[in-house]
Amino acid sequence: MSILLKNNFERIKHHKSVLFIACIVMPVFICAAIYISNHSTSHEVIAILNSDIPADISCEQYTLMSVEQQPPLSAFINGTYAAFAKKRTDGTYSIITLKGKQDKEAIQSLLTTGRLPADYRGDDLKRKERGIGTNILGFITMLVLMQGVALTTLYPEDRSNGTFRRILSAPCNENQYLAAQFIFTLICIYAPTFAPIAIIHALFGVEIGFSIADIAVLLLLLTVFATAFALFIATVFDRNTNLIATGISVVTCIIAGCFIEISTNNPVLAAICKMIPQTEFMELVHGIEFGKNYFQFRYGIAYILLCSLFFVAMGISIAKRRILEGEY
């Protein structure tokens, strides 16, 4: 197995696109996530035309600013303004925003009554309540899941060119081969993910929400799951693995609340959300950031590891079946 590992590290040097994404793009995205998470808790700005700002506004979530003309669409996209309001002749306001219906109605209530609805929480407040570390790891979760499949490129490559069958004819079985692929992928995901976080925190003292030890443990748990998921996808699908993995990763991470807290009163949807391993991971991350210990999340950790074991077991089972059927 050590020979397979060494061979994988030698071969990956020739996959420059994969190395570029893993060693350059991933750290850049992680640095961006850390920067955004540390600079995203300031009040969002509502632009109001011609000083039509109500005098009795009481709001801790938005800052009101007078403007002489409607801001361009780019100002809403880049976050300069959360919304633009123009007072009508009847005293109500016309609201332009890229936010959802609930946010739009809340802003309308703020401008007409002077207060936001009691149960309203804007995006910045939600991010602040989630914590800097939770926001950082929420974004990184999606990146790691997508990166895992890209780093298993040697596995489908071996199958397509017949190398996999030749390796199995040597003193090596499919379990040893997949174990080597698992360790190789785990290292190649973990190192470029942990290193930039540790360096930024150590050299610049940037807040990451956790101690380095906690980041190391949480990332290890995440990369174990991501590696198992990647091997499963790479085994089940012979082509378009990156596209499939990206779609699954994005959808499941959104539903699991990796980017912003998701709440629903629908019991079926709530059950589906709970089944996604990323949901348990985000609950663990949020709890650790706010002072809880790992033992309190033992069932969630066990569930993530169980899902990882399931993906590995399914990958091995499918590979063995296809070997016996002569597909590999």
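Please find, within the stretch 292-309, the residue that is nearest to Leu231 (Cα to Cα) out of those that are touching a residue at least 60 places away in the same chain (Cβ under 8 Å) and over 20 Å from the mean Cα position of the chain (by Cα). Spell out the reasoning first.
Filtering the stretch 292-309 down to residues touching a residue at least 60 places away in the same chain (Cβ under 8 Å) leaves 294, 301, 304-305, 307-309.
Of the ones still in play, those that are also over 20 Å from the mean Cα position of the chain (by Cα) are 294, 309.
Numbers: Tyr294: 27, Leu309: 11 Å.
Looking at the filtered set, the residue picked out is Leu309.
Where in the stretch 1-101 are there strands (runs of 3 or more DSSP E), lying wholly inside it, with at least 1 residues that are among the basic types (Lys, Arg)? Spell out how you get there, then give the answer.
On the way: elements: 44-49, 62-67, 83-87, 93-97.
Filter on the stretch 1-101 gives 83-87.
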Based on what the data block shows, is Thr223 over 16 Å from Met282 (Cβ atoms) and either in a helix (DSSP H, G or I) or under 18 Å from the mean Cα position of the chain (by Cα) (or both)? no
Restricting the search to the stretch 150-173, which residues are surrounded by fewer than 21 Cβ atoms within 10 Å (Cβ to Cβ), of a type in the set (Val, Ile, Thr) and part of a loop (DSSP other than H, G, I, E, B)? Thr153
For residues that are more than 9 Å from the chain's Cα centre (by Cα) and within 19 Å of Ile208 (Cβ to Cβ), tally how many sit in the stretch 140-156. 0
Tell me, yes or no, whether the stretch 230-248 has at least one residue that is within 24 Å of Gly209 (Cα to Cα), surrounded by 15 or more Cβ atoms within 10 Å (Cβ to Cβ) and in contact (Cβ under 8 Å) with a residue 60 or more places away in the chain. no
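Name the single residue that is farthest from Ile140 (Cα to Cα) among those in the stretch 179-218 being assigned to a helix (DSSP H, G or I) and hydroxyl-bearing (Ser, Thr, Tyr). Give the steps one after another, and end with the answer.
To start, the set of residues in the stretch 179-218 that are assigned to a helix (DSSP H, G or I) comprises 179-204, 212-218.
Now restrict to residues that are hydroxyl-bearing (Ser, Thr, Tyr): 185, 190, 193.
Working: Thr185: 16, Tyr190: 11, Thr193: 8 Å.
Looking at the filtered set, the residue picked out is Thr185.
Have a look at Gln147, Gln176 and point out the one that is part of a helix (DSSP H, G or I), modelled with pLDDT under 90, surrounded by 24 or more Cβ atoms within 10 Å (Cβ to Cβ) and not small (Gly, Ala, Ser).
Details: Gln176 fails: surrounded by 24 or more Cβ atoms within 10 Å (Cβ to Cβ).
Exactly one of Gln147, Gln176 is part of a helix (DSSP H, G or I), modelled with pLDDT under 90, surrounded by 24 or more Cβ atoms within 10 Å (Cβ to Cβ) and not small (Gly, Ala, Ser), namely Gln147.
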Quick check: anything in the stretch 256-268 among the β-branched types (Val, Ile, Thr), within 19 Å of the chain's Cα centre (by Cα) and assigned to a helix (DSSP H, G or I)? no
With respect to Ile189, is the statement that it is assigned by TED's automatic domain parsing to the domain that holds Phe139, farther than 17 Å from Leu145 by Cα and either hydrophobic (A, V, I, L, M, F, W, C) or touching a Phe, Trp or Tyr at 6+ places or on another chain (Cβ under 8 Å) (or both) true? no
I need the full set of residues from the stretch 23-41 which are modelled with pLDDT under 85 and not aromatic (Phe, Trp, Tyr), in order please. Ala33, Ile36, Ser37, Asn38, His39, Ser40, Thr41
Among Phe232, Phe194, the single one that is closer than 21 Å to Ile276 by Cα, at pLDDT 90 or above and in the same structural domain as Asn293 (by TED's automatic domain parsing) is Phe232
Per the list (1) at pLDDT 95 or above; (2) not charged (D, E, K, R); (3) not in a helix (DSSP H, G or I), residue check on Leu305 breaks on (3)
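The values are calculated or read from the model by the stated rules, or taken from the named source; none is laboratory data. From a predicted model like this one, the values you see are computed outputs, not experimental measurements. Neighbour counts run over all protein chains shown; Cβ positions are idealised from the backbone, glycine included.
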